[in-house]
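The values are calculated or read from the model by the stated rules, or taken from the named source; none is laboratory data. Worth saying up front: this structure is predicted, and the values here are computed from it rather than measured. Every residue, glycine as well, gets a Cβ built from its backbone with ideal geometry; the counts of neighbours run over all protein chains shown. The accessibility values were calculated without ligands, DNA or RNA, using every heavy atom of the protein model including side chains. Shrake-Rupley method; radii C 1.70, N 1.55, O 1.52, S 1.80 Å.
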Amino acid sequence: MLTETITPPTRSPRSRRLGATERREQLVLTAQRLFGERGYRATTMEDIAQAAGVTKPLLYQHFTSKRALYLELLQQVSRELLAGLRSAHGKASSPRELVENGYRAYFEMLVTHADAFRLLFGRHAPDDPELLGAVRTVEHEVLEVIESRIPETLGAEHRRLLAYALIGMAEGGSHFWVDSARKGAPATAADVELLAKRVADMAWNGLRGIEVE
């Protein structure tokens, strides 16, 4: 006689309750993704709470308003980008390597922190004057890092123009990259190296031909 084996019902494990620090980090990452995808105006606190699987009151326990949350994200993202650029420049052993390292740090952020990148340089700039000012402050800080690496033998206005041009090349390359990813070709570490080298080649060849005024 066969004995039927009865398997007790499987209980779904309870989701682990997050501590305050972990929860805040989860909310930040969720908000960063939504702001990057939709822009500031089209994203609501209710959207963020729902995407994070929490209630709105809990979200407001961590952030008093959508503006406060967005400003904190901008500060966090800008710190990471500026630290990456300064570190990359500090490791350079030649002017040519300085240029390529800077572009590599920029494009690495695009790959590893895509949501953060869109938050800073995406096409959905906030229409709130305070928030737009915060974004412009970040852009100005990046500009100063780049400008500080350009030889002082050039005039101040000339150096500022070149810094804007170098950043513009990076932004143009990044938009090309994002458009390629949308067509089903996600970026890889090898892509970072190739893109950084190609853009740096163009930038370096141009910089070498500049005459001191």
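Some notes on this structure:
- Test result for residue 118, in a helix (DSSP H, G or I), of a type in the set (D, E, K, R), open to solvent by 50 Å² or more (accessible area, probe 1.4 Å) and touching a Gly at 6+ places or on another chain (Cβ under 6 Å): yes
- Some residue of segment 99-112 being aliphatic (A, V, I, L, M), out of contact with any Ser or Thr (no Cβ under 6 Å at 6 or more places or on another chain) and at pLDDT 85 or above: yes
- All of 79, 67 fail the test of being assigned to a helix (DSSP H, G or I), of a type in the set (Lys, Arg), open to solvent by 10 Å² or more (accessible area, probe 1.4 Å) and free of Cβ contacts under 8 Å to residues at least 60 places away in the same chain, apart from 79.
- A Cβ distance below 6 Å, combined with a sequence gap of six or more or placement on separate chains, defines the contacts here; from segment 145-170, residues that are more than 18 Å from residue 96 (Cβ to Cβ) reach residues that are of a type in the set (Asp, Glu) and open to solvent by 30 Å² or more (accessible area, probe 1.4 Å) in the pairs 155/213.
- Residue check for residue 30: in a loop (DSSP other than H, G, I, E, B), within 26 Å of residue 136 (Cβ to Cβ) and out of contact with any Asp or Glu (no Cβ under 6 Å at 6 or more places or on another chain): no
- Residue in segment 133-142 that is under 23 Å from residue 197 (Cβ atoms) and either assigned to a helix (DSSP H, G or I) or in contact (Cβ under 8 Å) with a residue 60 or more places away in the chain (or both) present: yes
- Within segment 124-150, if we keep just the residues that are within 15 Å of the chain's Cα centre (by Cα) and closer than 15 Å to residue 168 by Cβ, the residue that is surrounded by the fewest Cβ atoms within 10 Å (Cβ to Cβ) turns out to be 139.
- Condition check for residue 110 on (1) open to solvent by 20 Å² or more (accessible area, probe 1.4 Å); (2) closer than 17 Å to residue 170 by Cα: one failure, at (1).
- Being at pLDDT 80 or above and either surrounded by 15 or more Cβ atoms within 10 Å (Cβ to Cβ) or in a helix (DSSP H, G or I) (or both) holds for only one residue in 161, 207, and it is 161.
- Search result, residues across segment 27-50 that are surrounded by 15 or more Cβ atoms within 10 Å (Cβ to Cβ) and more than 20 Å from residue 110 (Cα to Cα): 27, 43, 45, 47, 48, 49, 50
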